[in-house]
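Trainee: Pasting a structure here, questions to come.
The values are calculated or read from the model by the stated rules, or taken from the named source; none is laboratory data. All values reported here derive from a predicted model rather than from experimental measurement. Note: ideal-geometry Cβ built from the backbone for every residue, glycine included; neighbour counts use all protein chains shown. Just so you know, the surface numbers come from the protein's heavy atoms only, side chains and all, with ligands and any DNA or RNA stripped out. Shrake-Rupley method; radii C 1.70, N 1.55, O 1.52, S 1.80 Å.
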Amino acid sequence: TIPGSQEGSTMTALDDDKPMPRGDLTLQIIPLPADTNANGDVFAGWLVKQMDLAANTMAGRISQGRNATVAMDRMEFLSPLRVGSQVGC
């Protein structure tokens, strides 16, 4: 079951195409047509960039100094993101 889901739920994390947010909201943005491929799906790199900006902002608040992303172990996209979808990181 998914942490925080209703007891007795048999849904797995891979079945949930609309995961619930956790943590503090740092950035909200809406992808534009220039951020998509020919199928209208947002480029994964654009989405990773937004997550990195949000992580950098939060890390800067905590450290009160400069920071950088050194590495990312894994990223798994569960469903396509369309133009006009509100993205929160």
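Trainee: Given the Cα-Cα distance of residue 64 and residue 87 and 0.36 nm per residue of separation, how much length would full extension add, in nm? Don't skip to the end; give the middle numbers.
Mentor: Working: separation 23, 0.36 × 23 = 8.28 nm, distance 2.55 nm.
Additional length available on full extension: 5.7 nm.
Trainee: What do you get when you divide the Cα radius of gyration of region 31-89 by 2.2 N^0.38 Å, with N the number of residues? The partial results should precede the final answer.
Mentor: Values: Rg = 13.4 Å, N = 59, 2.2 N^0.38 = 10.4 Å.
So the Cα radius of gyration is 1.29 times the expected 2.2 N^0.38 Å.
Trainee: Can you give the local net charge around residue 35? Use residues other than it whose beta-carbon is closer than 13 angstrom to its beta-carbon, Lys and Arg +1, Asp and Glu -1.
Mentor: Working: positive: 49, 82; negative: 41.
Cβ neighbours under 13 Å give a net charge of +1.
Trainee: How do 30, 62 rank by accessible surface area computed with a 1.4 Å probe, from largest to smallest? Don't skip to the answer; put the middle values down first.
Mentor: Working: 30 90, 62 130 Å².
The ordering from most to least exposed comes out as 62, 30.
Trainee: If you don't mind, there's one more thing I want to ask. Among 37, 64, 25, whose Cα projects farthest towards the positive end of the dipole of region 25-75, with charges put on the beta-carbon of Lys, Arg (+1) and Asp, Glu (-1)?
Mentor: Going by the charge dipole, the pick is 64.
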